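The values are calculated or read from the model by the stated rules, or taken from the named source; none is laboratory data. These numbers come from a predicted model, not from an experiment. As a convention, Cβ positions derive from the backbone with ideal geometry for all residues, glycine included, and neighbour counts pool all protein chains shown.
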Amino acid sequence: MAGLIFSCCLSEEEQVQRNRSKHIDKQLAKEKIQFRRTIKILLLGSGESGKSTFLKQMRIIHGKEYSDDELREFKPIIYGNIIKGMKVLIDARNKLSIPWGDERNVVNANLVFSFDNNIRLDEVIFVQYVAGLQALWKDSGIRTAFDRRREFQLVSKFTTNKPCVMCAN
């Protein structure tokens, strides 16, 4: 009752401010309850152990699909993983003393190794590497290295998805 008496003594501007304050207080109380209900998880694991994949799968399973913008943001990451994966395969082929299927792929290997990993890849830049990546992927030496991937660490996305850019025409 005291609040009612007090509020009728306020000017119109003060009443608007008081109502706004009450609205903000209610919103903060709701957010506090929601925050307390939030479950926090700390995922620990070595590189390529599946931490990000787990979170992405949970997001998909629980009905939150990726927006077109989010999907576009993944492109440079995928392009980078393809190039990094091919670098690992080329290096492994060399360290495992696996001969090239086609010696002309030395040029393609040099092209891939010339890529600066600090550059953000977009389609325009990545297209310059596609023909070389496809030729390397078809090379029997690279395929042999890929078959022996348990002997070295290769980006998991590279091994499970066999990047379509290298399989497609």
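Details
- Within the range 46-67, tally of residues that are surrounded by fewer than 10 Cβ atoms within 10 Å (Cβ to Cβ) and on the phi < 0 side of the Ramachandran plot: 7
- Residues of the range 68-76 include none that is under 30 Å from LEU136 (Cα atoms), of a type in the set (A, V, I, L, M, F, W, C), out of contact with any strand residue (DSSP E or B) (no Cβ under 9 Å at 6 or more places or on another chain) and surrounded by 14 or more Cβ atoms within 10 Å (Cβ to Cβ).
- Taking residues in the range 31-56 that are without any contact (Cβ under 8 Å) to a residue 60 or more places away in the chain, and partners anywhere that are assigned to a loop (DSSP other than H, G, I, E, B), the pairs with Cβ atoms closer than 7 Å and at least 6 places apart or on different chains are LYS51/LEU43; LYS51/GLY45; PHE54/LEU43.
- Residue match in the range 154-167 (condition: surrounded by fewer than 16 Cβ atoms within 10 Å (Cβ to Cβ), outside any helix (DSSP H, G or I) and at pLDDT 85 or above): no
- Checked against (1) over 25 Å from ARG150 (Cβ atoms); (2) part of a helix (DSSP H, G or I), ILE39 meets all criteria but (2).
- Boolean, GLY101 is farther than 26 Å from SER46 by Cβ, touching a helix residue (DSSP H, G or I) at 6+ places or on another chain (Cβ under 9 Å), at pLDDT 85 or above and not in a helix (DSSP H, G or I): yes
- Condition met for VAL112 (closer than 22 Å to LYS138 by Cβ and assigned by TED's automatic domain parsing to the domain that holds ILE142): yes
- A count restricted to the range 104-149 and to residues that are aromatic (Phe, Trp, Tyr) and outside any helix (DSSP H, G or I) stands at 1.
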